[in-house]
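What follows is a single structure, and I will ask about it in a moment.
Read-outs throughout are calculated quantities, based only on the coordinates presented, and are distinct from any laboratory measurement. Just so it is clear, the model here is predicted, and its values are computed rather than measured. Positions of Cβ are generated from backbone atoms using ideal geometry, with glycine treated the same way; all protein chains shown enter the neighbour counts.
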């Protein structure tokens, strides 16, 4: 026993030391990239500052030089990129200049309008002011014309650069190199050529211009990450098994990915830190960077796919992989990775020899074919286990694209093969990561709506959300999240399929700065941000209303009606402010609201009278509070409880559980009976009749005793005490009446029923009868009979 305790203590101390060591290594690993970044940042800042300080004349000269360079046939996209960047900067400067000069022109025009037209004899001071404004107006018009000309020239240069780039890309993509058949024929014609080419390949591999110092530093970073990842994985496997249930309740997909990350964290850190270090310190051979990045992307893909194939819990969207398929996937994944790594090496510029090597060409074709076939096979095996592959038939589209790439490669179009292969693989990777980024937050938000995890239940309780209801405002958060993820995916895919960085930046600039349509500027990005801001602000308004109703106002001495009015008014104020802020962010000028107000006034005069009447009536109901939520009221033939008071109408729920919407103007203009305005007291009136011959005083005593004995009746409460009356003599009964006031008018029907039962029991025990109505019936004899009709008295139940 003691030996076991010592061993457990030793393991625990070792784990703590390893945790400290891994933390120290991670801190060091994070500090070096930050120091490198901080050392390189000033150059970028200086460059940006230099571009921002260029004048109109500087940009004009730069565009003139760019036009001269474009007039010469440019065969490389790398030479066109600086020209595109200069045109983009000039276009941004011109757009800002046009906006500034137009605003200045409006100010000058307002100044001239304030002075008015020049009379025959004008004051000297006004004349001087008019001349100054005219002079400024001419200068602004000249400057504005120059800025517009600069924008036009910049747009023309950008269009020309785009056309040139398209021509260059088209020429590169469809540049024909020797086909597989020509390589085979060349080898058959010269068998001895293979020996020399093999020797040349070996010498190239042995003489790689590698910067061993940078590669060694990068590998040290990678192995440090490997060690830290192993320690962290062991710790998580040992001490964090109880957290998986909470993660499964929060998001089953995230739980599966988290388990997979724990398993492969060492490899993620190894390849990730190595590729990151090689980005800052170049290894001397670009292929090494590509190899490290490919290993990192492959590891991330494997982590996600492994999580989908081995889910943490049963789910309709995930089907656990069977052992036979798992072996096939493992085999083809290794084949794909090996073919990709060798292909990256042989497709690099190291083996672009002159004249072209037939052996290198055949190796490239074979490796490209193997990698494409392996990826097709992987897609085909994964189609049953990855939902979006089967749902959108992406495995078929991927197979078609890769098949076309293989055909292009064998025909000698190597660049087109690389374009198709990288695009297809990159698209699948982007969709995989995007699907993950969409699904996990969706599951978390669904859990908040349903209250699955303990923390989600606590959050719903804190927000005051009732059980079975959704959290208000989450729909807008879902929308903003979906728009953000799909936009990011679209940008990455556009860049992946050949859109240049300058074209992408130009597109984003157009979205941000807007598109001029006459005098109107359409700014899509501002409109989207304004709508999202409006949605988020309205959601915050709902949360504030919920907090006011359930927490803050409960700590005050306000009445129930005052609390409800405060919550309603706060909601309307919040919505109005949200709309104003959203319109402001979207670029709507409030100076134009006068036109809208004029149009509304005309509309009110013609067709919106009832709406405005109900709106004003709703405000009166909110502030005066003649009725409140939960009151029992009667309006005309409608009777029931007030369930909601809106700005236009009030919802009344009848005793039949049907909702009736009553316009607020009817509640203000017509008579309304509120059973619960000042208090919840209610009167119960029970008429009762007894037989002639009964003792009236005894009847009065019994009725009073029954009324006072009921717990819901107010016995002696001033003028609200129990009252009994002898109302009169009827045809067949003595009529009495019991009147009493109960504490809660909502219980009127139930109390009436209980009092009727008690009265019947008291009369039965006292042997007091409740008579049937009496009627006298005369039965006439036959016409042949001379006997007089007999008089018969019969009691008849007319009820």
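Dividing the alpha-carbon radius of gyration of the range 116-254 by 2.2 N^0.38 Å (N being the number of residues), what value is obtained? Please report the intermediate quantities before stating the final value.
Numbers: Rg = 37.0 Å, N = 139, 2.2 N^0.38 = 14.3 Å.
For the range 116-254, the normalised Cα radius of gyration comes out at 2.58.
Which whole-number percentage describes the relative contact order of the range 654-767, with Cα contacts under 8 Å and a sequence gap of 6 or more?
Values: 141 pairs, mean separation 35.6, N = 114.
Across the range 654-767, relative contact order equals 31 percent.
Please work out the Cα convex hull volume for the range 529-582 and give it in Å³ per residue. The partial results should precede the final answer.
Values: hull volume 2.9 nm³, N = 54.
Measuring per residue, one finds 54 Å³ for the Cα hull of the range 529-582.
Can you divide the C-alpha Rg of the range 432-496 by 2.2 N^0.38 Å and report the result to two decimal places? Please list the in-between numbers first.
Numbers: Rg = 14.6 Å, N = 65, 2.2 N^0.38 = 10.7 Å.
Ratio of Rg to 2.2 N^0.38 Å for the range 432-496: 1.36.
When only C-alpha pairs under 8 Å and at least 6 residues apart count, what is the relative contact order of the range 210-449, in percent?
Taking the mean separation of contacting Cα pairs over the length of the range 210-449, I get 20 percent.
Here's another thing I want to ask about it. Over what distance in Å are the Cα centres of the range 428-500 and the range 528-591 separated?
24
In addition: From Cα pairs below 8 angstrom and at least 6 apart in sequence, can you work out the relative contact order of the range 164-286, rounded to a whole percent? All intermediate terms of the calculation are to be shown ahead of the outcome.
On the way: 68 pairs, mean separation 46.9, N = 123.
RCO, the range 164-286: 38 percent.
Also: What is the distance, in nm, between label points placed 7 Å from the Cα along the Cα-to-Cβ direction at residue 407 and at residue 57?
Label at residue 407, label at residue 57, 6.1 nm between them.
I'm a student and want to see the number: the projected area of the Cα convex hull of the range 272-423, averaged over all directions, in nm². Please report the intermediate quantities before stating the final value.
Numbers: hull surface 41.8 nm².
Taking the Cα atoms of the range 272-423, their convex hull projects to 10.4 nm² on average.
For the range 72-186, what is the Kirkwood hydrodynamic radius in Å, using each pair of distinct C-alpha atoms?
Working: mean 1/r = 0.0536 Å⁻¹.
Averaging 1/r across every pair of different Cα atoms and inverting gives 18.7 Å.
Sorting 622, 580 on the 10 Å Cβ count, fewest up front, what's the list? Intermediate values should be presented prior to the final figure.
On the way: 622 19, 580 15.
Listed from fewest to most nearby Cβ atoms, that is 580, 622.
Quickly rank 119-125, 460-466 as a protection proxy: mean count of other C-beta atoms within 10 Å, highest first. Don't jump to the answer; show the numbers that get you there.
Numbers: 119-125: 8.1, 460-466: 14.6.
Peptide ranking by packing, descending: 460-466, 119-125.
Follow-up. Bin width 10 Å, origin at 0, all Cα-Cα pairs of the range 682-777: what percent of pairs per bin?
16, 48, 27, 8, 1, 0
Give the whole-number value, in cubic angstrom per residue, of the convex hull volume spanned by the C-alpha atoms of the range 110-165. Present the calculation step by step, with values, prior to reporting the outcome.
Numbers: hull volume 4.2 nm³, N = 56.
Here the figure is 75 Å³ per residue.
Given the Cα-Cα distance of residue 644 and residue 679 and 0.36 nm per residue of separation, how much length would full extension add, in nm? Provide the component values of the computation, followed by the final result.
Numbers: separation 35, 0.36 × 35 = 12.60 nm, distance 1.96 nm.
Using 0.36 nm per residue and subtracting the Cα-Cα distance, I get 10.6 nm.
Quick check: residue separation of residue 195 and residue 737 times 0.36 nm, minus the Cα distance between them. What number comes out in nm? Display every interim value, and only then the final one.
On the way: separation 542, 0.36 × 542 = 195.12 nm, distance 12.44 nm.
Computed gain between residue 195 and residue 737 is 182.7 nm.
Another one. What is the distance, in nm, between label points placed 7 Å from the Cα along the Cα-to-Cβ direction at residue 660 and at residue 138?
7.8
Follow-up question, since we're still on this one. What's the FRET efficiency of residue 324 with residue 366 using the Cβ-Cβ distance as r and R₀ = 25 Å, to the nearest 0.05? Kindly include the intermediate steps, with their values, before the conclusion.
Numbers: r = 28 Å, r/R0 = 1.13.
Computed FRET efficiency for residue 324 and residue 366: 0.30.
Per 0.36 nm of contour for each residue apart, how much would the distance between residue 391 and residue 85 grow if the chain were fully extended, relative to their Cα-Cα spacing?
Values: separation 306, 0.36 × 306 = 110.16 nm, distance 4.14 nm.
106.0 nm is the gain from fully extending residue 391 to residue 85.
Moving on. With label points built 7 Å along Cα→Cβ from the Cα atoms of residue 764 and residue 128, find their separation and express it in nm.
The two pseudo-label positions are separated by 11.2 nm.
Cα-based Rg (one decimal) and Dmax (whole number) for the range 166-210, in Å?
Spelled out, the Cα radius of gyration and Dmax of the range 166-210 are 15.7, 42 Å.
Send over the per residue convex hull volume for the range 327-407, Cα only, as a whole number of Å³.
Numbers: hull volume 7.1 nm³, N = 81.
Convex hull volume per residue, Cα atoms: 87 Å³.
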